[in-house]
Amino acid sequence: MCGIVAYVGKGHCKDFILEGLTRLEYRGYDSAGFACINSEHKRFSYVKTVGLVSALKESVNKALIDGHVGIGHTRWATHGIANQENAHPHFNCSKSVSIVHNGIIESHEELREKLINSGHDFYSTTDTEVIAHLFGSLLKIHHTLKNAVLDLVSQAAGAYALALLMEDYPDQLIAVRRRSPLVIGIGEGENFIASDVLAFWDKTNKVFFIPDNSFAIINKDSVQCYDFAGNSVPIKIQDVDFKFANTDKQGFEHYMLKEIYEQKKAIDNTISFCRFIGSKDVCLKHIFDPNNKRKECKSNIDSIEYSEEIWQQLGLEIEQLKNLKQINLIAAGTSWHACRIIQFFIETICKIPVHVFLSSEFRYMPFFPKVDTVFIFISQSGETADTLEALRLVNSYNLPTIVVTNVVSSTMVREAGGFLPMQAGPEISVASTKAFSCQISILYWLAHRIALFRGLISLDQMRVAEDDLLVTAEVLESSIETYKWEISQTLAKFYAKFERFIFLGRHISYPFAMEAALKLKEISYIFAQCYPAGELKHGPIALIDKRTPIIMFSVLDDLIYQKLVANAQEVKARNGHLVSFAFEGQNELIKLSDCSFIIPRVKPLLAPLAMTGLMQFFIYQITKELGRPIDKPRNLAKSVTVE
Ligand code: M6R
């Protein structure tokens with residue numbers, strides 16, 4: 001959601017910034033822009049376009065503009081529609097200051113009024129433009145950039161990341177961070193700024209994560225950083241391992257399809273990684289250690305001895321773990337669906353009650369801080385604003401917080417008490433696929449690891465659980481292969497004609513059905529509604545007709561399965577069209593279905609994981625039939641960094 005890329009250095013900025021914006025496209029945007037201090041006349045040159053970065057590239061290349069310092073942006077509209085006027089960069093009246101911005105300036109209305117009253121003209125409806133005008137005025141009042149920024153941040157309320165370019169300071173850039181991610185890549189004779197390290201991964205692996213509530217003044221050879229009180233902040237440079245940075249489609253038509261197929265490998269990697277961090281000879285710092293000892297440790301996997309150091313990685317004291325009476329899971333979107341599935345794991349395996357919260361709701365509910373609890377935040381990106389704010393809220397009560405994420409360089413990792421990184425590799429498609437299956441897998445592993453610690457399972461059962469995950473990952477992939485042809489040749493065409501779907505699940509397959517409905521809605525734009533199958537007769541049954549296919553996801557628990565069969569009968573008795581995702585041997589359900597996908601049996605708690613690949617593939621193919629922009633659905637952003 002919005003992306004910032006900026007450059008100052010010995011080289012030219014245009015190509016780097018445009019390439020960086022292309023790499024941040026996955027975050028979601030609807031317009032883009034570029035500005036630089038033109039090497040020829042030393043004044044600003046800029047281009048803004050509505051739509052894709054490729055259109056911006058074309059216009060910038062046509063305009064033949066470039067310089068040694070520049071800023072670029074992809075905008076996801078919040079304040080004002082997606083048009084050229086509202087696209088970033090924005091300028092002050094005299095066009096001496098140019099700015100790109102992620103986040104929201106909450107005080108923009110009162111600031112705008114003040115600025116208009118003192119004679120400023122505005123060209124857009126954005127909150128961002130206010131900052132350009134305000135900063136231009138502050139530069140006239142204050143003698144140093146530092147003081148002007150301090151004044152600016154004292155007036156600008158909200159959560160934001162800013163990159164500022166000034167004609168009167170043509171060798172410098174300013175980067176400001178307040179509750180929105182911003183990183184600096186340190187090069188030789190050049191420095192890079194971006195909202196995600198992906199933008200400069202091939203330029204440098206030396207990264208400075210600007211701390212929250214701080215800003216940096218950057219030129220080609222130096223970076224000075226200050227907090228919002230004006231104190232100097234030491235520049236702690238981290239070596240980031242960019243082994244994850246391959247973002248090619250590798251021959252697949254869409255990232256989503258590539259990522260669906262990467263799931264088995266991603267789960268395998270995640271489980272080997274868990275075994276590794278849970279083992280005795282672990283180097284806990286390896287994540288930022290380019291010479292990490294992972295390979296050496298991996299060779300010992302078969303004779304693994306689980307170490308209690310895993311709890312240190314999670315920021316937990318042994319005593320806390322022993323006394324744990326409740327686990328809270330907090331997340332948004334697909335990650336929240338994963339939490340609802342994970343609840344079954346923890347309650348069944350660890351016998352610890354679990355509360356699951358939607359992060360956007362949690363923040364505004366009454367909060368009763370309790371000891372003997374732990375809060376686990378699950379987020380693919382580690383940047384989702386609502387989840388991050390929920391984390392900050394819990395941190396403020398000094399309760400144990402753990403983040404499970406795919407992005408180790410994310411803000412949540414830096415702010416949580418501990419973290420568990422998944423090894424899914426970059427997920428580019430807006431629709432979450434492999435992150436979802438890795439979230440489920442890693443928490444299945446952790447639930448067993450907690451149970452092992454509490455003496456509820458044996459070492460052998462722990463190893464069996466790991467093997468069960470690997471077997472299920474195999475089923476996830478092989479089921480796609482079994483139905484690939486039939487789905488892509490006939491079924492997708494048939495189901496793409498329907499205008500609405502109902503999804504049903506029960507017990508552990510209910511949150512999975514919610515996830516399936518979300519996938520269909522977000523990428524195909526087909527209306528989908530999900531219900532717990534047992535609720536059908538309490539109202540939704542009135543919706544059953546031939547024009548609304550019912551997609552039902554089975555379970556492997558015999559008792560619940562029988563209940564689902566009864567629900568399937570209710571559907572068929574009303575002439576509903578039933579599609580089932582069933583398991584081998586579930587003949588009653590299969591016979592009742594107009595179309596069924598039959599999946600090999602796995603451990604009952606892993607039933608959703610086994611169905612994941614096929615469900616995603618089915619929805620992907622329906623969407624492809626409709627010709628939708630699968631990887632970048634309308635109105636959506638990959639990283640939802642505004643509330
Ligand atoms: O990065 P996060 O896991 O925190 O993101 C949460 C949701 O925004 C995300 O899962 C969203 O629902 C996906 N687009 C679903 O495919």
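Quick notes on this one:
- All positions within the stretch 485-512 that are under 13 Å from HIS337 (Cβ atoms) and either away from the ligand (no atom under 15 Å from the Cβ) or outside any helix (DSSP H, G or I) (or both): PHE503, GLY505, ILE508, SER509, TYR510
- Top-ranked residue of the stretch 111-132 - restricted to ones that are outside any loop (DSSP other than H, G, I, E, B) and over 28 Å from THR384 (Cβ atoms), ranked as least open to solvent (accessible area, probe 1.4 Å): LEU115
- Residue match in the stretch 437-445 (condition: over 22 Å from MET256 (Cβ atoms) and either exposed (fewer than 15 other Cβ atoms within 10 Å of the Cβ) or not hydrophobic (A, V, I, L, M, F, W, C) (or both)): yes
- Taking the conditions (1) within 14 Å of the ligand (Cβ to nearest atom); (2) surrounded by 20 or more Cβ atoms within 10 Å (Cβ to Cβ) in turn, ASN635 satisfies each one other than (2).
- Condition check for GLY382: in the same structural domain as GLU319 (by TED's automatic domain parsing), away from the ligand (no atom under 12 Å from the Cβ) and at pLDDT below 95: no
- Any hit, the stretch 100-110, residues being out of contact with any Pro (no Cβ under 8 Å at 6 or more places or on another chain), closer than 23 Å to ARG43 by Cβ and open to solvent by 10 Å² or more (accessible area, probe 1.4 Å): no
- Filter result for the condition that a residue is within 23 Å of the chain's Cα centre (by Cα) and either open to solvent by 10 Å² or more (accessible area, probe 1.4 Å) or of a type in the set (Phe, Trp, Tyr) (or both), over VAL464, VAL430, VAL471: VAL430
- Count of the stretch 427-481 residues, restricted to those that are among the aliphatic types (A, V, I, L, M), away from the ligand (no atom under 16 Å from the Cβ) and touching a strand residue (DSSP E or B) at 6+ places or on another chain (Cβ under 8 Å), is 5.
- The one condition from (1) open to solvent by 40 Å² or more (accessible area, probe 1.4 Å); (2) under 23 Å from VAL475 (Cβ atoms) that SER593 does not meet is (1).
- Pair list, Cβ < 7 Å and 6+ apart or interchain, from the stretch 355-369 residues that are open to solvent by 40 Å² or more (accessible area, probe 1.4 Å) and part of a loop (DSSP other than H, G, I, E, B) to residues that are among the charged types (D, E, K, R) and at pLDDT 90 or above: ARG363/ASP386; ARG363/GLU389
The values are calculated or read from the model by the stated rules, or taken from the named source; none is laboratory data. This structure is a prediction, so every number in the text was calculated from the model and none was measured. Positions of Cβ are generated from backbone atoms using ideal geometry, with glycine treated the same way; all protein chains shown enter the neighbour counts. When the accessible area is computed, the model is the full protein with side chains, heavy atoms only, and any ligands, DNA or RNA have been set aside. Shrake-Rupley method; radii C 1.70, N 1.55, O 1.52, S 1.80 Å.
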